[in-house]
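As structure tokens, the structure follows; a few thoughts come after it.
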Amino acid sequence: MIWYPYEQMKTMKSPYKIINANGVYLYTETQELIDSISSWWSVIHGYKHPELNQAIQTQLEKFAHVMLGSLTHEPVQTLSEKLQSWLPGDLDYCFFSDSGSVAVEVALKMALQYFMNRNETDRTMVLALEHAYHGDTFKTMEVGDDEDYHFVLNAYGKSRYVVHIPTEIEALEQAFAAYHDRLNCFIVEPLLQGAGGMRMYDISFLKRARELCDQYGVLLVFDEVATGFGRTGNRFVADLVLPDILVLGKALTGGYIGHAVTVANRKVYEGFYDDDPSHAFMHGPTFMGNALACRVALKSIELFETQDYMSKIRKIEEITRREMKAFSDPRIKEVRIMGACVCIEVYHSDTIKGYQQFAYERGVFSRPFLNYMYAMVPYVIGEAELIKVLCTMKEWFSIKH
């Protein structure tokens, strides 16, 4: 049987069975649904996109996958070259993996070994944010800060290797003053903290973080698995503040195949480039650089560029702000909008209990969690479809529950 994610199997309700998908729509046997969350924020081009389908089919006629150990191939070479030219600064060195969580593990391991290679053996700590979510593997849980996801780590007790701070400059400065000589990196979801509650903060915090990392020789890591490819209204937040290591996933392949990349700058890469074999980066996911994933990622980036997706994202934000303007309810704590993300935070989780089925009956797939009702729509969504998503969210609060 299937063991479903984030569910108590004994009490979970039956999931909706999807039999087809096209554009922004999911289809069950009885219902047509606008996917308001882009299959966990990844399907930015919608479903069954003809050009993405063709990219997969063309590569499949050659081969689906070969290991990247002692072998290489044109799709992974071309994707690496594209990312090198497309990403800001000297983020030029691509280490591929098979999921966002693993890619963050790679980044954390890379930051630690960078200093071990330099014999700076005291730099074993990581600075991270409160309410952070970086994945469900073990080190990503440790740098995360969400009891609802990571309570299993209570078995080990509080980590002495991770410090969590709020997104406040004073707290940031205090943390660097206290721990700077023991930190190897500061990891953040830049501007938008996803699974921690769609929390949004100001770019000034990241600018100050970059200054402090430079001052104290700490690596700055941006986890843009969720925020990259335009979700915050910026192509990448790394375009505004340049990290030392950038992690991408989810939308990298347009949501077609699990694949991710950890991209390092020259300084980090040269920390491993040595005659000493013990300084090599000893990591190697089986499906890193998967040929199908690389080919569809290249086509996804091409669509993003040639079809001016940043304009699409600006339009989504404009419509969202217009439709949500002055919307309020005593049960709502805050309405937050950034780029192609909107979140309604309520005071009590019971307020949105039952919303998923309510939305389903009105032709919208949604997946609220805890105190958060949100939408992160595919970028190809039409205005009428987007308005339907937003009106469904608002309609919930107009009905007594």
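The values are calculated or read from the model by the stated rules, or taken from the named source; none is laboratory data. The shown structure was predicted, so the numbers you read here are calculated from the model rather than taken from an experiment. As a convention, Cβ positions derive from the backbone with ideal geometry for all residues, glycine included, and neighbour counts pool all protein chains shown. Accessible surface is based on the protein model in full, side chains and every heavy atom, while ligands, DNA and RNA are left aside. Shrake-Rupley method; radii C 1.70, N 1.55, O 1.52, S 1.80 Å.
Is it the case that some residue within region 126-134 is over 23 Å from residue 230 (Cβ atoms) and assigned to a loop (DSSP other than H, G, I, E, B)? Steps first, please.
Start the filter on region 126-134 by keeping residues that are over 23 Å from residue 230 (Cβ atoms), which leaves 126-128, 130.
Of the ones still in play, those that are also assigned to a loop (DSSP other than H, G, I, E, B) are 130.
Checked against the condition, which is being over 23 Å from residue 230 (Cβ atoms) and assigned to a loop (DSSP other than H, G, I, E, B), region 126-134 yields at least one hit.
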task = Taking the residues in region 247-286 that are surrounded by fewer than 16 Cβ atoms within 10 Å (Cβ to Cβ) and under 22 Å from the mean Cα position of the chain (by Cα) as candidates, determine which candidate is nearest to residue 220 (Cα to Cα).
result = 283
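Filter region 318-329 down to the residues that are touching a residue at least 24 places away in the same chain (Cβ under 8 Å) and of a type in the set (A, V, I, L, M, F, W, C), then identify the one that is surrounded by the fewest Cβ atoms within 10 Å (Cβ to Cβ).
Step one: list which residues in region 318-329 are touching a residue at least 24 places away in the same chain (Cβ under 8 Å), which gives 319-320, 323-324, 327, 329.
So of that shortlist, the ones also of a type in the set (A, V, I, L, M, F, W, C) come out as 319, 324, 327.
Details: 319: 15, 324: 17, 327: 13.
Checked region 318-329; the qualifying residue surrounded by the fewest Cβ atoms within 10 Å (Cβ to Cβ) is 327.
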task = Any residue in region 68-79 that's among the hydroxyl-bearing types (Ser, Thr, Tyr): show its pairings with residues that are not in a helix (DSSP H, G or I) at Cβ separation under 8 Å, as long as the two are six or more apart or on different chains.
result = 72/289
Flag if residue 130 is under 20 Å from residue 164 (Cβ atoms), at pLDDT 95 or above and either more than 16 Å from the chain's Cα centre (by Cα) or surrounded by fewer than 24 Cβ atoms within 10 Å (Cβ to Cβ) (or both) = yes
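Each row is one residue, and each column tells you yes or no for (1) under 24 Å from the mean Cα position of the chain (by Cα); (2) closer than 25 Å to residue 20 by Cα; (3) open to solvent by 50 Å² or more (accessible area, probe 1.4 Å); (4) acidic (Asp, Glu).
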position	(1), (2), (3), (4)
297	yes, yes, no, no
331	no, no, yes, no
345	yes, no, no, yes
353	no, no, yes, no
366	yes, yes, no, no
request  = Output the residue which, of all residues in region 141-162 that are of a type in the set (Ser, Thr, Tyr) and modelled with pLDDT under 95, is least open to solvent (accessible area, probe 1.4 Å).
outcome  = 159
remark   = Filter region 159-200 for residues that are part of a strand (DSSP E or B) and β-branched (Val, Ile, Thr); the one that is farthest from residue 115 (Cα to Cα) is 165
ask   = Is there a residue being over 17 Å from residue 318 (Cα atoms), out of contact with any Asp or Glu (no Cβ under 8 Å at 6 or more places or on another chain), of a type outside the set (Asp, Glu) and assigned to a helix (DSSP H, G or I) anywhere in region 361-369?
value = no
request  = Scan region 379-387 and give yes if some residue there is without any contact (Cβ under 8 Å) to a residue 40 or more places away in the chain, assigned to a helix (DSSP H, G or I), surrounded by fewer than 18 Cβ atoms within 10 Å (Cβ to Cβ) and of a type outside the set (Lys, Arg), otherwise no.
outcome  = yes
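Which ones in region 186-198 are buried (at least 21 other Cβ atoms within 10 Å of the Cβ) and closer than 17 Å to residue 339 by Cα? Full working, then the answer.
Step one: filter region 186-198 for residues buried (at least 21 other Cβ atoms within 10 Å of the Cβ), giving 186-196, 198.
Within region 186-198, 189, 190, 191, 192, 193, 194, 195, 198 qualify.
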message = Go through region 1-42 and report how many residues are in contact with a Lys or Arg (Cβ under 8 Å, 6 or more places away or on another chain), open to solvent by less than 50 Å² (accessible area, probe 1.4 Å) and not in a strand (DSSP E or B).
response = 4
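If only one of 351, 306 is polar (S, T, N, Q) and closer than 30 Å to residue 61 by Cα, which one is it?
Details: 351 fails: closer than 30 Å to residue 61 by Cα.
Of the residues listed, the single one that is polar (S, T, N, Q) and closer than 30 Å to residue 61 by Cα is 306.
Determine whether residue 82 is at pLDDT 95 or above, of a type in the set (Lys, Arg) and in a loop (DSSP other than H, G, I, E, B).
Numbers: at pLDDT 95 or above: yes; of a type in the set (Lys, Arg): yes; in a loop (DSSP other than H, G, I, E, B): no.
No, not satisfied.
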inquiry  = Please count how many residues of region 226-236 are crowded, with 24+ Cβ neighbours inside 10 Å and more than 15 Å from residue 300 (Cβ to Cβ).
reply    = 3
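Output the residues belonging to region 145-158 that are assigned to a loop (DSSP other than H, G, I, E, B) and not charged (D, E, K, R). Steps first, answer last, please.
So in region 145-158, the residues assigned to a loop (DSSP other than H, G, I, E, B) come out as 145-146, 156-158.
Once the filter is applied, which keeps residues that are assigned to a loop (DSSP other than H, G, I, E, B) and not charged (D, E, K, R), region 145-158 yields 156, 157.
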